[in-house]
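The values are calculated or read from the model by the stated rules, or taken from the named source; none is laboratory data. Predicted, not measured: the structure shown is a model, and the values here were computed from it. We place every Cβ from the backbone using ideal geometry, glycine too, and count neighbours over all the protein chains shown. To get the accessible areas, we keep the full protein, side chains included, count just its heavy atoms, and leave off ligands, DNA and RNA. Shrake-Rupley method; radii C 1.70, N 1.55, O 1.52, S 1.80 Å.
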Amino acid sequence: MHISSQVGRYYIEVMIVIDIVVIDDDNKLYSYIATGLQKSFYVRRFTSRGLWASGEGKPINIILVEDVDKMTFENGIVVLGGISDYKRIRHQNFSYVIANSESDIQMDSLLCCSLPVITCGCSAMDTFSYTSLTDDFLTVSLNRKLTSLSGKEVQPFEIPRPIFEGESVYGVMTLVAVSLLLDDNSEFGKMYS
């Protein structure tokens with residue numbers, strides 16, 4: 001996202017970098033999302049052990065944390081992994097929260113959350129679900145209209161995605177959700193209105 005402003009006869013352009021915060025005690029989901037996005041973005045990966053950067057394109061930050069208690073984020077995406085205490089995210093200013101609807105802990109923690117929640121699961125009531133799962137493919141379904149961070153609308157769709165050994169269904173649906181929120185439709189075709 002860019003913000004342009006004219007000062008006198010000069011234009012000043014400021015790039016806003018999106019933060020994707022993965023709350024988890026395991027880095028599998030974090031690594032999966034970072035690797036998937038580095039095809040289209042310059043991904044800066046932050047953990048308690050260091051900083052790595054890879055990819056080409058617009059910069060984004062992917063941050064792995066176990067707790068958001070003493071951190072402040074503006075207009076980013078938070079992805080919930082396997083940690084059980086999410087109560088503090090309701091005090092943050094994220095644009096979206098992505099949660100696994102199959103996790104009772106996550107759903108209970110988000111009951112009082114005023115942030116927009118994107119659910120991923122196996123129900124047609126979820127924002128993202130799947131309609132088919134084979135050894136090689138997962139057909140991901142967006143069940144209702146979604147608005148990206150830039151304001152573009154994505155209409156409901158189904159798309160088959162290859163699934164490889166070691167990939168989780170939640171991980172694949174989360175990567176699809178994050179990609180669409182960031183207007184990265186490179187592997188999904190034309191789905192924007």
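A few remarks follow.
- Candidate set: region 1-48, residues that are among the β-branched types (Val, Ile, Thr) and open to solvent by 60 Å² or more (accessible area, probe 1.4 Å); chosen: the one modelled with the lowest pLDDT: ILE3
- Taken as a whole, region 145-160 holds no residue that is at pLDDT below 90 and over 18 Å from the mean Cα position of the chain (by Cα).
- The condition of being in contact (Cβ under 8 Å) with a residue 60 or more places away in the chain, surrounded by fewer than 18 Cβ atoms within 10 Å (Cβ to Cβ) and of a type in the set (Gly, Ala, Ser) holds for only one of SER179, SER150, that being SER150.
- Test: residue in region 106-123 that is closer than 26 Å to GLU56 by Cα, in a loop (DSSP other than H, G, I, E, B), in contact with a strand residue (DSSP E or B) (Cβ under 8 Å, 6 or more places away or on another chain) and not polar (S, T, N, Q): no
- Given (1) part of a loop (DSSP other than H, G, I, E, B); (2) open to solvent by 50 Å² or more (accessible area, probe 1.4 Å), index of the condition ASP126 fails: (2)
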